[in-house]
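Structure first, commentary second.
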Amino acid sequence: MTEHAPQPCDLLIEAGWVVPVVPHGVILPDHAVAVSGSRIVAVLPRAQARARFAPAQTVARPQAALIPGLVNAHTHNPMTLLRGVADDLPLMTWLREHIWPVEGALVGPEFVADGVTLAIAEMLRGGTTCANENYFFPDVQAAVYSKHGFRARVGLPVIDFPTAWAASDDEYFARAIEVHDTWRDDPLVAMAFAPHAPYSVSDANFERVRMLADQLDLPVHLHTHETAQEIEDSLKQYGLRPLARLDRLGLVNDRLIAVHMTQLTDAEIRLCAERGVSVVHCPESNLKLASGFCPAYALLKAGVNLAIGTDGCASNNDLDMFGETRTAALLGKAVAHDAAGFSAFEALHAATLGGARALGFDHLIGSIEPGKQADLVCVDLAPLETQPLHHIVSQLVYAAGRHQVSDVWIAGQPKLRQRELVDMDTEALLAKVGHWQARIAQVRAH
(Lines give C-alpha, C1' and ligand atoms only; values in the text may rest on other atoms or scores of the structure.)
Protein backbone atom coordinates (compact mmCIF):
# COMPACT_ATOMS: atom_id res chain seq x y z
CA MET A 1 0.00 0.00 0.00
CA THR A 2 1.46 3.39 -0.97
CA GLU A 3 1.26 6.43 1.27
CA HIS A 4 -1.45 7.80 -1.06
CA ALA A 5 -3.66 4.71 -0.99
CA PRO A 6 -7.12 5.44 0.42
CA GLN A 7 -7.59 4.63 4.08
CA PRO A 8 -10.34 2.09 4.82
CA CYS A 9 -13.23 3.15 7.06
CA ASP A 10 -16.64 1.68 7.80
CA LEU A 11 -18.80 4.69 7.01
CA LEU A 12 -18.52 8.04 5.29
CA ILE A 13 -21.40 10.46 5.83
CA GLU A 14 -21.42 13.31 3.34
CA ALA A 15 -23.61 16.23 4.38
CA GLY A 16 -24.56 19.62 2.99
CA TRP A 17 -23.46 21.02 6.35
CA VAL A 18 -21.72 19.57 9.39
CA VAL A 19 -22.47 21.38 12.67
CA PRO A 20 -19.77 20.03 14.99
CA VAL A 21 -20.76 22.11 18.11
CA VAL A 22 -17.02 22.28 18.86
CA PRO A 23 -15.63 24.78 17.90
CA HIS A 24 -18.60 26.85 19.07
CA GLY A 25 -20.50 28.72 16.36
CA VAL A 26 -18.93 26.86 13.44
CA ILE A 27 -20.85 25.48 10.44
CA LEU A 28 -18.89 23.39 7.91
CA PRO A 29 -20.51 23.41 4.43
CA ASP A 30 -20.10 20.43 2.10
CA HIS A 31 -18.23 18.30 4.65
CA ALA A 32 -18.01 14.63 5.50
CA VAL A 33 -17.53 12.58 8.67
CA ALA A 34 -15.56 9.32 8.50
CA VAL A 35 -16.38 6.57 11.00
CA SER A 36 -14.45 3.41 11.89
CA GLY A 37 -16.05 1.02 14.35
CA SER A 38 -17.86 3.13 16.94
CA ARG A 39 -15.68 6.23 16.55
CA ILE A 40 -15.35 9.33 14.40
CA VAL A 41 -11.94 9.30 12.70
CA ALA A 42 -12.10 12.51 10.63
CA VAL A 43 -14.18 15.59 9.84
CA LEU A 44 -13.12 17.14 6.54
CA PRO A 45 -14.32 18.66 3.23
CA ARG A 46 -16.19 16.16 1.06
CA ALA A 47 -13.67 16.21 -1.80
CA GLN A 48 -10.80 15.53 0.61
CA ALA A 49 -12.77 12.76 2.29
CA ARG A 50 -13.35 11.01 -1.02
CA ALA A 51 -9.64 11.16 -1.80
CA ARG A 52 -8.50 10.04 1.65
CA PHE A 53 -10.95 7.26 2.53
CA ALA A 54 -12.19 4.02 1.00
CA PRO A 55 -15.42 3.54 2.97
CA ALA A 56 -17.35 0.29 3.20
CA GLN A 57 -20.48 2.45 2.98
CA THR A 58 -21.15 6.03 1.91
CA VAL A 59 -24.30 7.91 2.95
CA ALA A 60 -24.77 11.07 0.88
CA ARG A 61 -27.16 13.68 2.28
CA PRO A 62 -26.37 16.86 0.31
CA GLN A 63 -29.44 18.73 1.59
CA ALA A 64 -29.04 17.72 5.24
CA ALA A 65 -27.26 19.06 8.30
CA LEU A 66 -25.27 16.51 10.28
CA ILE A 67 -25.36 17.25 14.02
CA PRO A 68 -24.32 15.40 17.18
CA GLY A 69 -27.06 13.18 18.58
CA LEU A 70 -29.34 15.12 20.93
CA VAL A 71 -29.05 14.35 24.65
CA ASN A 72 -32.31 14.25 26.61
CA ALA A 73 -30.87 15.10 30.01
CA HIS A 74 -33.96 14.31 32.12
CA THR A 75 -36.50 11.61 31.31
CA HIS A 76 -38.87 9.15 32.93
CA ASN A 77 -39.14 7.03 29.81
CA PRO A 78 -41.36 4.17 31.08
CA MET A 79 -43.95 6.93 31.55
CA THR A 80 -44.49 7.12 27.79
CA LEU A 81 -47.28 4.64 28.62
CA LEU A 82 -48.91 7.37 30.77
CA ARG A 83 -48.91 9.99 28.00
CA GLY A 84 -52.11 12.03 28.37
CA VAL A 85 -53.39 10.16 31.45
CA ALA A 86 -53.75 13.31 33.58
CA ASP A 87 -53.35 16.77 32.10
CA ASP A 88 -53.91 20.38 33.15
CA LEU A 89 -53.23 19.85 36.86
CA PRO A 90 -50.69 21.27 39.37
CA LEU A 91 -47.68 19.08 40.19
CA MET A 92 -48.66 17.61 43.55
CA THR A 93 -52.32 16.99 42.55
CA TRP A 94 -51.10 15.40 39.33
CA LEU A 95 -48.66 13.16 41.22
CA ARG A 96 -50.67 12.17 44.29
CA GLU A 97 -54.14 11.76 42.81
CA HIS A 98 -53.36 10.45 39.33
CA ILE A 99 -49.80 9.31 38.52
CA TRP A 100 -48.78 7.58 41.77
CA PRO A 101 -52.04 5.53 42.05
CA VAL A 102 -51.70 4.21 38.47
CA GLU A 103 -48.01 3.47 39.01
CA GLY A 104 -48.80 1.71 42.29
CA ALA A 105 -51.22 -0.60 40.49
CA LEU A 106 -49.24 -1.34 37.32
CA VAL A 107 -45.52 -0.58 37.53
CA GLY A 108 -43.36 -3.68 37.21
CA PRO A 109 -40.70 -5.08 34.90
CA GLU A 110 -43.06 -5.54 31.92
CA PHE A 111 -44.48 -2.01 32.17
CA VAL A 112 -40.96 -0.56 32.36
CA ALA A 113 -39.63 -2.62 29.45
CA ASP A 114 -42.50 -1.73 27.12
CA GLY A 115 -42.48 1.95 28.12
CA VAL A 116 -38.74 2.28 27.52
CA THR A 117 -39.03 0.51 24.15
CA LEU A 118 -41.72 2.96 23.04
CA ALA A 119 -39.55 5.85 24.24
CA ILE A 120 -36.50 4.59 22.33
CA ALA A 121 -38.52 4.42 19.11
CA GLU A 122 -39.84 7.95 19.64
CA MET A 123 -36.45 9.36 20.58
CA LEU A 124 -34.65 7.83 17.60
CA ARG A 125 -37.24 9.23 15.20
CA GLY A 126 -36.59 12.64 16.80
CA GLY A 127 -32.78 12.61 16.67
CA THR A 128 -32.14 11.79 20.34
CA THR A 129 -29.33 9.29 20.89
CA CYS A 130 -28.82 9.50 24.67
CA ALA A 131 -31.15 9.80 27.67
CA ASN A 132 -30.66 10.48 31.36
CA GLU A 133 -33.20 8.12 32.87
CA ASN A 134 -34.96 8.37 36.23
CA TYR A 135 -37.46 5.64 37.12
CA PHE A 136 -37.99 2.33 38.89
CA PHE A 137 -36.57 -1.06 37.80
CA PRO A 138 -33.27 0.34 36.53
CA ASP A 139 -32.11 -3.22 35.85
CA VAL A 140 -34.90 -3.64 33.28
CA GLN A 141 -34.28 -0.20 31.80
CA ALA A 142 -30.57 -0.93 31.37
CA ALA A 143 -31.30 -4.25 29.66
CA VAL A 144 -33.72 -2.63 27.20
CA TYR A 145 -31.37 0.27 26.37
CA SER A 146 -28.53 -2.20 25.85
CA LYS A 147 -30.66 -4.49 23.68
CA HIS A 148 -31.51 -1.62 21.33
CA GLY A 149 -28.01 -0.14 21.33
CA PHE A 150 -29.21 3.14 22.83
CA ARG A 151 -26.93 5.25 25.04
CA ALA A 152 -28.26 5.99 28.53
CA ARG A 153 -27.36 7.02 32.03
CA VAL A 154 -29.87 5.09 34.18
CA GLY A 155 -30.93 6.42 37.57
CA LEU A 156 -30.79 4.21 40.65
CA PRO A 157 -33.92 5.34 42.52
CA VAL A 158 -34.02 6.40 46.15
CA ILE A 159 -37.27 7.57 47.75
CA ASP A 160 -38.58 7.48 51.33
CA PHE A 161 -41.51 5.13 50.79
CA PRO A 162 -41.99 1.56 49.57
CA THR A 163 -42.53 0.95 45.85
CA ALA A 164 -42.67 -2.06 43.56
CA TRP A 165 -38.88 -1.71 43.23
CA ALA A 166 -37.91 -1.67 46.92
CA ALA A 167 -39.65 -1.93 50.29
CA SER A 168 -37.13 -0.19 52.58
CA ASP A 169 -34.22 2.25 52.61
CA ASP A 170 -31.72 -0.60 52.88
CA GLU A 171 -33.29 -2.41 49.94
CA TYR A 172 -33.12 0.69 47.70
CA PHE A 173 -29.37 0.94 48.34
CA ALA A 174 -28.66 -2.79 48.14
CA ARG A 175 -30.46 -3.06 44.80
CA ALA A 176 -28.76 0.09 43.53
CA ILE A 177 -25.29 -1.38 44.21
CA GLU A 178 -26.29 -4.66 42.58
CA VAL A 179 -27.51 -2.96 39.38
CA HIS A 180 -24.44 -0.72 39.25
CA ASP A 181 -22.10 -3.72 39.58
CA THR A 182 -23.94 -5.60 36.82
CA TRP A 183 -23.61 -2.74 34.30
CA ARG A 184 -20.38 -1.08 35.37
CA ASP A 185 -18.45 -2.07 32.21
CA ASP A 186 -21.15 -1.62 29.58
CA PRO A 187 -20.06 0.56 26.61
CA LEU A 188 -23.45 2.31 26.27
CA VAL A 189 -25.23 2.11 29.63
CA ALA A 190 -23.99 3.73 32.85
CA MET A 191 -25.62 4.51 36.21
CA ALA A 192 -26.35 7.52 38.40
CA PHE A 193 -27.96 7.85 41.80
CA ALA A 194 -31.48 9.25 41.45
CA PRO A 195 -32.83 10.40 44.82
CA HIS A 196 -36.30 11.63 43.86
CA ALA A 197 -36.47 15.14 45.36
CA PRO A 198 -35.66 17.05 48.57
CA TYR A 199 -39.28 16.68 49.73
CA SER A 200 -39.24 12.88 49.34
CA VAL A 201 -35.74 11.93 50.57
CA SER A 202 -34.45 12.22 54.16
CA ASP A 203 -31.14 13.69 55.27
CA ALA A 204 -29.94 10.19 56.21
CA ASN A 205 -30.65 8.84 52.73
CA PHE A 206 -29.07 11.87 51.05
CA GLU A 207 -25.94 11.27 53.16
CA ARG A 208 -25.82 7.64 51.99
CA VAL A 209 -26.24 8.79 48.39
CA ARG A 210 -23.37 11.28 48.76
CA MET A 211 -21.04 8.70 50.30
CA LEU A 212 -21.76 6.06 47.65
CA ALA A 213 -21.67 8.55 44.76
CA ASP A 214 -18.20 9.61 45.92
CA GLN A 215 -17.02 6.02 46.29
CA LEU A 216 -18.42 4.83 42.95
CA ASP A 217 -17.76 8.07 41.04
CA LEU A 218 -21.41 8.42 40.01
CA PRO A 219 -23.51 11.52 39.27
CA VAL A 220 -26.53 12.40 41.42
CA HIS A 221 -29.65 13.10 39.33
CA LEU A 222 -32.21 15.06 41.35
CA HIS A 223 -35.41 17.11 40.91
CA THR A 224 -34.91 20.28 42.93
CA HIS A 225 -36.21 23.84 43.22
CA GLU A 226 -39.05 22.74 40.93
CA THR A 227 -41.88 24.77 42.51
CA ALA A 228 -42.39 27.67 44.91
CA GLN A 229 -44.28 25.27 47.20
CA GLU A 230 -41.18 23.05 47.46
CA ILE A 231 -39.14 26.04 48.67
CA GLU A 232 -41.81 27.08 51.16
CA ASP A 233 -42.16 23.56 52.57
CA SER A 234 -38.39 23.17 52.92
CA LEU A 235 -38.12 26.45 54.83
CA LYS A 236 -40.86 25.29 57.21
CA GLN A 237 -39.42 21.80 57.74
CA TYR A 238 -35.66 22.45 57.70
CA GLY A 239 -35.28 26.22 58.02
CA LEU A 240 -33.34 26.09 54.76
CA ARG A 241 -34.03 26.35 51.03
CA PRO A 242 -33.51 22.96 49.33
CA LEU A 243 -30.18 23.90 47.72
CA ALA A 244 -28.82 25.11 51.06
CA ARG A 245 -29.91 21.86 52.68
CA LEU A 246 -28.25 19.84 49.91
CA ASP A 247 -25.11 21.95 50.34
CA ARG A 248 -25.09 21.22 54.08
CA LEU A 249 -25.26 17.51 53.18
CA GLY A 250 -22.30 17.80 50.78
CA LEU A 251 -24.24 17.25 47.55
CA VAL A 252 -23.75 20.59 45.78
CA ASN A 253 -20.76 19.70 43.64
CA ASP A 254 -19.78 18.73 40.10
CA ARG A 255 -21.61 15.38 40.42
CA LEU A 256 -24.99 17.07 40.86
CA ILE A 257 -27.44 17.06 37.95
CA ALA A 258 -30.04 19.52 39.24
CA VAL A 259 -33.31 19.26 37.33
CA HIS A 260 -35.91 22.04 36.87
CA MET A 261 -34.39 24.79 39.08
CA THR A 262 -37.24 27.24 38.47
CA GLN A 263 -36.81 28.98 41.85
CA LEU A 264 -33.31 30.44 42.09
CA THR A 265 -31.70 33.45 43.72
CA ASP A 266 -28.63 35.17 42.28
CA ALA A 267 -26.58 33.69 45.13
CA GLU A 268 -27.78 30.17 44.29
CA ILE A 269 -26.86 30.68 40.64
CA ARG A 270 -23.36 31.76 41.71
CA LEU A 271 -23.07 28.74 44.01
CA CYS A 272 -23.95 26.38 41.14
CA ALA A 273 -21.33 28.02 38.93
CA GLU A 274 -18.64 27.83 41.64
CA ARG A 275 -19.33 24.17 42.44
CA GLY A 276 -19.67 22.89 38.87
CA VAL A 277 -23.32 21.87 39.18
CA SER A 278 -25.11 21.02 35.92
CA VAL A 279 -28.69 22.28 35.53
CA VAL A 280 -31.27 20.54 33.33
CA HIS A 281 -33.85 22.92 31.91
CA CYS A 282 -37.24 21.22 31.23
CA PRO A 283 -39.25 24.18 29.92
CA GLU A 284 -42.31 22.43 28.50
CA SER A 285 -42.98 20.32 31.60
CA ASN A 286 -42.48 23.39 33.80
CA LEU A 287 -44.87 25.41 31.63
CA LYS A 288 -47.51 22.67 31.55
CA LEU A 289 -47.44 22.13 35.32
CA ALA A 290 -47.16 25.92 35.92
CA SER A 291 -44.08 25.22 38.05
CA GLY A 292 -42.20 28.38 37.10
CA PHE A 293 -39.36 29.48 34.84
CA CYS A 294 -35.76 28.30 35.02
CA PRO A 295 -33.49 31.37 34.58
CA ALA A 296 -31.61 29.54 31.83
CA TYR A 297 -29.77 32.49 30.33
CA ALA A 298 -28.71 33.81 33.75
CA LEU A 299 -27.28 30.36 34.51
CA LEU A 300 -25.43 30.31 31.17
CA LYS A 301 -24.00 33.80 31.71
CA ALA A 302 -22.81 32.78 35.19
CA GLY A 303 -20.91 29.85 33.66
CA VAL A 304 -23.23 27.03 34.78
CA ASN A 305 -23.36 24.03 32.46
CA LEU A 306 -26.89 23.97 31.05
CA ALA A 307 -28.60 20.90 29.57
CA ILE A 308 -32.11 20.35 28.20
CA GLY A 309 -34.60 17.60 29.09
CA THR A 310 -38.15 16.79 28.13
CA ASP A 311 -39.14 15.24 31.49
CA GLY A 312 -41.58 12.34 31.20
CA CYS A 313 -44.38 11.94 28.68
CA ALA A 314 -46.97 12.22 31.45
CA SER A 315 -46.03 15.87 31.97
CA ASN A 316 -44.85 17.11 28.58
CA ASN A 317 -46.36 15.08 26.59
CA ASP A 318 -43.59 14.11 24.17
CA LEU A 319 -39.89 13.32 23.91
CA ASP A 320 -39.31 15.90 21.17
CA MET A 321 -35.91 17.48 21.77
CA PHE A 322 -36.28 19.73 18.70
CA GLY A 323 -39.44 21.22 20.17
CA GLU A 324 -37.92 21.36 23.67
CA THR A 325 -34.79 23.15 22.45
CA ARG A 326 -36.85 25.73 20.59
CA THR A 327 -39.02 26.33 23.67
CA ALA A 328 -35.91 26.60 25.86
CA ALA A 329 -34.38 29.22 23.56
CA LEU A 330 -37.56 31.31 23.25
CA LEU A 331 -38.44 31.10 26.94
CA GLY A 332 -34.84 31.85 27.89
CA LYS A 333 -35.03 35.15 26.01
CA ALA A 334 -38.38 36.10 27.54
CA VAL A 335 -37.32 35.33 31.11
CA ALA A 336 -34.04 37.22 30.65
CA HIS A 337 -35.79 40.16 28.90
CA ASP A 338 -33.02 39.88 26.32
CA ALA A 339 -33.77 38.97 22.69
CA ALA A 340 -30.04 38.45 22.09
CA GLY A 341 -29.80 36.02 25.02
CA PHE A 342 -29.79 32.22 24.66
CA SER A 343 -28.88 32.21 20.97
CA ALA A 344 -29.55 29.38 18.54
CA PHE A 345 -25.96 28.17 18.93
CA GLU A 346 -26.25 28.25 22.74
CA ALA A 347 -29.50 26.29 22.57
CA LEU A 348 -27.99 23.64 20.29
CA HIS A 349 -24.96 23.40 22.63
CA ALA A 350 -27.27 22.82 25.63
CA ALA A 351 -29.13 20.07 23.73
CA THR A 352 -25.91 18.27 22.78
CA LEU A 353 -22.62 18.94 24.56
CA GLY A 354 -24.30 20.53 27.60
CA GLY A 355 -26.32 17.37 28.11
CA ALA A 356 -23.28 15.17 27.54
CA ARG A 357 -21.31 17.17 30.12
CA ALA A 358 -24.13 16.97 32.67
CA LEU A 359 -24.13 13.17 32.32
CA GLY A 360 -20.33 12.89 32.48
CA PHE A 361 -20.29 11.68 28.86
CA ASP A 362 -18.67 14.73 27.25
CA HIS A 363 -15.46 12.80 26.58
CA LEU A 364 -17.56 10.42 24.46
CA ILE A 365 -20.40 12.37 22.81
CA GLY A 366 -22.00 15.80 22.37
CA SER A 367 -19.83 17.12 19.52
CA ILE A 368 -18.53 15.89 16.17
CA GLU A 369 -14.82 15.49 16.79
CA PRO A 370 -12.29 12.80 15.85
CA GLY A 371 -11.96 10.24 18.63
CA LYS A 372 -15.51 10.68 19.90
CA GLN A 373 -18.28 8.12 19.54
CA ALA A 374 -20.22 8.33 16.27
CA ASP A 375 -23.59 9.35 17.74
CA LEU A 376 -24.79 11.32 14.73
CA VAL A 377 -28.04 12.69 13.30
CA CYS A 378 -28.95 13.86 9.79
CA VAL A 379 -31.64 16.54 9.57
CA ASP A 380 -33.15 17.06 6.12
CA LEU A 381 -33.41 20.79 5.47
CA ALA A 382 -34.83 20.47 1.93
CA PRO A 383 -38.54 20.71 2.91
CA LEU A 384 -40.22 24.05 2.24
CA GLU A 385 -40.70 24.57 6.01
CA THR A 386 -36.95 25.11 6.38
CA GLN A 387 -36.35 27.09 3.19
CA PRO A 388 -34.60 29.35 2.35
CA LEU A 389 -31.42 28.42 4.17
CA HIS A 390 -30.03 31.75 5.31
CA HIS A 391 -28.61 30.27 8.54
CA ILE A 392 -28.37 26.54 9.19
CA VAL A 393 -28.38 26.57 13.02
CA SER A 394 -31.18 29.14 13.08
CA GLN A 395 -33.26 26.74 10.96
CA LEU A 396 -32.37 23.77 13.17
CA VAL A 397 -33.42 25.53 16.38
CA TYR A 398 -36.25 27.81 15.30
CA ALA A 399 -37.83 26.09 12.28
CA ALA A 400 -36.95 22.40 11.87
CA GLY A 401 -39.11 19.64 13.33
CA ARG A 402 -38.28 16.14 14.49
CA HIS A 403 -40.06 14.74 11.40
CA GLN A 404 -37.08 16.07 9.38
CA VAL A 405 -34.65 13.66 11.06
CA SER A 406 -33.73 11.23 8.30
CA ASP A 407 -30.87 9.14 9.68
CA VAL A 408 -29.47 8.31 13.13
CA TRP A 409 -26.37 6.42 14.24
CA ILE A 410 -25.29 5.47 17.76
CA ALA A 411 -21.68 4.33 18.21
CA GLY A 412 -21.50 4.06 14.41
CA GLN A 413 -24.49 1.70 14.18
CA PRO A 414 -27.51 2.75 12.07
CA LYS A 415 -30.68 3.19 14.15
CA LEU A 416 -32.83 5.19 11.71
CA ARG A 417 -32.41 4.99 7.94
CA GLN A 418 -34.41 7.36 5.73
CA ARG A 419 -37.04 7.72 8.52
CA GLU A 420 -37.33 3.93 9.00
CA LEU A 421 -36.33 2.43 12.35
CA VAL A 422 -33.66 -0.25 12.03
CA ASP A 423 -34.25 -3.57 13.85
CA MET A 424 -37.42 -2.47 15.68
CA ASP A 425 -40.77 -4.21 15.19
CA THR A 426 -43.13 -1.25 15.38
CA GLU A 427 -46.28 -3.32 14.86
CA ALA A 428 -45.49 -5.57 17.84
CA LEU A 429 -44.59 -2.49 19.89
CA LEU A 430 -47.90 -0.78 19.10
CA ALA A 431 -49.81 -3.94 20.06
CA LYS A 432 -48.11 -3.87 23.49
CA VAL A 433 -48.91 -0.19 23.89
CA GLY A 434 -52.57 -0.94 23.14
CA HIS A 435 -52.55 -3.59 25.86
CA TRP A 436 -51.24 -1.05 28.40
CA GLN A 437 -53.76 1.55 27.31
CA ALA A 438 -56.56 -0.88 28.17
CA ARG A 439 -55.02 -1.84 31.52
CA ILE A 440 -54.46 1.79 32.56
CA ALA A 441 -58.06 2.66 31.61
CA GLN A 442 -59.27 -0.25 33.75
CA VAL A 443 -57.27 0.93 36.80
CA ARG A 444 -58.50 4.51 36.43
CA ALA A 445 -62.12 3.36 36.13
CA HIS A 446 -61.86 1.95 39.64
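The values are calculated or read from the model by the stated rules, or taken from the named source; none is laboratory data. Treat the numbers as computed from the prediction; the structure is a model and nothing was measured. No Cβ is skipped: glycine too gets one built from the backbone with ideal geometry, and neighbour counts run over all protein chains shown. We work out accessible area using only protein heavy atoms, side chains counted, and drop any ligands, DNA or RNA first. Shrake-Rupley method; radii C 1.70, N 1.55, O 1.52, S 1.80 Å.
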Here the gain from full extension of residue 58 to residue 439, 0.36 nm per residue of separation minus their alpha-carbon distance, amounts to 132.6 nm
Ordering 211, 92 from largest to smallest accessible area (1.4 angstrom probe), what's the sequence? 211, 92
Cβ neighbours within 10 Å, averaged per peptide: list 6-16, 64-74 in order, most packed at the top. 64-74, 6-16
Taking the chain as a Gaussian network, Cα atoms linked when under 10 Å apart, which of 314, 54, 344 shows the biggest mean-square fluctuation? 54
Just the number, please: percent antiparallel of the DSSP beta bridges in the chain, rounded to the nearest 5. 40
Among 325-332, 188-195, 366-373, what's the highest-first ranking by average C-beta atoms within 10 angstrom per residue? 188-195, 325-332, 366-373
Over the range 141-272, calculate the relative contact order: mean separation of alpha carbon pairs under 8 Å at least 6 apart, over the residue count, as a percent. 21
Global geometry of the range 70-217, whether rounded, prolate or oblate, following the gyration tensor of its Cα atoms and the 1.5 cut on a/c: oblate
GNM, the chain, Cα, under 10 Å: largest mean-square fluctuation among 302, 340, 42? 340
Efficiency of FRET from Cβ geometry, residue 424 and residue 248, R₀ 45 Å, rounded to 0.05: 0.45
Using only Cα atoms, find the angle between the long axis of helix 321-336 and the longest principal axis of the chain, and express it within 0 to 90 degrees, rounded to the nearest 10. 70
The answer for the net charge of residues other than residue 268 whose Cβ lies under 15 angstrom from its Cβ, with Lys and Arg +1 and Asp and Glu -1, is +1
Heavy-atom accessible area per residue - the range 218-340, 1.4 Å, Å²: 34
So for the range 1-86: antiparallel DSSP bridges make up what percent, rounded to the nearest 5? 55
Judged on accessible area alone, 1.4 Å probe, highest first, 389, 95 line up as 389, 95
Using only Cα atoms, what is the ratio of the radius of gyration of the chain to 2.2 N^0.38 Å? 0.96
Checking the a/c ratio against 1.5 first, then a/b against b/c, what shape does the Cα gyration tensor give for the range 259-383? oblate
Classify the range 87-132 as rounded, prolate or oblate, taking a ≥ b ≥ c as the square roots of the eigenvalues of its Cα gyration tensor: rounded when a/c is under 1.5, otherwise prolate if a/b is larger than b/c and oblate if not. oblate
